[in-house]
1. Using Cβ counts within 10 Å as a stand-in for footprinting exposure, how do V289, V279, V97 rank, fewest first?
2. Would you mind checking which residues have amide H under 5 Å from V257's amide H? H placed 1.01 Å from N; only 5 or more apart, or other chain.
3. Below 8 Å, C-alpha to C-alpha, sequence gap of six or more: please give me the relative contact order for the range 263-347 in percent.
4. Can you run the Rg to Rh ratio on the range 269-332? Use alpha carbon positions and the Kirkwood inverse-distance Rh.
5. Return K46, K154 ranked ascending by Cβ neighbour count within 10 Å, so the fewest neighbours appear first.
6. Taking R0 as 51 Å, what FRET efficiency do you get between L86 and V117 from their Cβ-Cβ distance, rounded to the nearest 0.05?
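Please treat every number below as a calculation from the coordinates, not as lab data. Please read all numbers here as calculations on a predicted model, not as lab measurements. When we count neighbours, we look across all protein chains shown, and the Cβ atoms used for this are built from the backbone with ideal geometry, even at glycine.
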Amino acid sequence: MESPSSVPALSWHLAIIIVVLGTVSIGAGILKRSNPPIEDNAKFEKDIADREARVEALSKRAREATEAGLAKANELNAKRQEIAALSMKLNQRTAEVRQLEELNGKKIAELREQMGVARNQASQDIDAANKLLREAAGREQIQKAIQQTAEKFKNAVVTIECEDGSICSGFFVGGFNVPICVCTTAQGKRAQAARIKLRYKRNDADPEYSVAVGRAQTLAREVNTGLTVLTFTFQDRITINTVSLEMIAAIRQGDAVLTISSQVAGGELMENNVYDGVVSATSRKLGDVNVVQTSIPSNPGSTGSPVFNANGVLAGVLLGQFSDMERVSAVIPASALVDLLKSLEKK
């Protein structure tokens, strides 16, 4: 901002001084013309002296007024300069404030963007935590279901010893007039007369397992799948658990499944083994048989064991292992067993 000029202020003060001096001169001339010659010199001189004194007084007053005007003009000029300096500082401050506002606006925008990113990240973290909690709850629920299923059917799974010495697993099925056992094995054709062993506890308080031995006879066998239905009798009077076929599970990819089976390891028979896994595929071929692929391990002696879903509903029967791949097993769907038993009822 430009500093104001002092020229206009000086101009009007000088104009006042000139007008005053002019007035004094004109007054002196009028006095001289209006007074005719006086005979009395003393009186004339006195009048002249008085007039000169008045003129001097007027001149003094004019000089004082001029000096006062100049002083006032200088004071006003100083004030204007001070105002101009303040105005310049104000402009500088305004520019600084605007720069700060722009910086603050950018900072606020950055902070808002950072807050938005933080909110999105927090939301993702919360979703991930909730997912982990749900997965943990699901795993806990599946683990609990496995424990409940194993406890429920621990006296429903048996070991079948064929006459040629081969071992497979089987399980009791309820809902028929005669007690039957189901197994599936390539040795099923040699299980025409087999020994059946059940490892069980007489009561929950009994710390030791008892073994009941019975005889089994083949009632029916499905050639392609190897599913075999046996009837049996035990020497001792025992209470058995049975697997119901009133409801069977529809197998879906990714479902959790488990089995209870016997197995032979190092020549030693181990019974009531519980394994879990997931359904890898729902449509596979093992030879000419349509099977379900799971990650349940298939060991010697475990074929023929029941496969349950996480709710303890029968989903299939373990057929065997796919080639030499570990934890890749084939399961015959429970629907094939239902079809075999229906054909047996018709006979």
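1. Working: V289 17, V279 22, V97 11.
Least crowded to most crowded, the residues run V97, V289, V279.
2. G277, V278, V279
3. 23 percent
4. Numbers: Rg = 11.1 Å, Rh = 11.8 Å.
When Rh is taken as the Kirkwood radius, the ratio is 0.93.
5. The order, fewest Cβ neighbours first, is K46, K154.
6. On the way: r = 45 Å, r/R0 = 0.89.
Efficiency at R0 = 51 Å is approximately 0.65.
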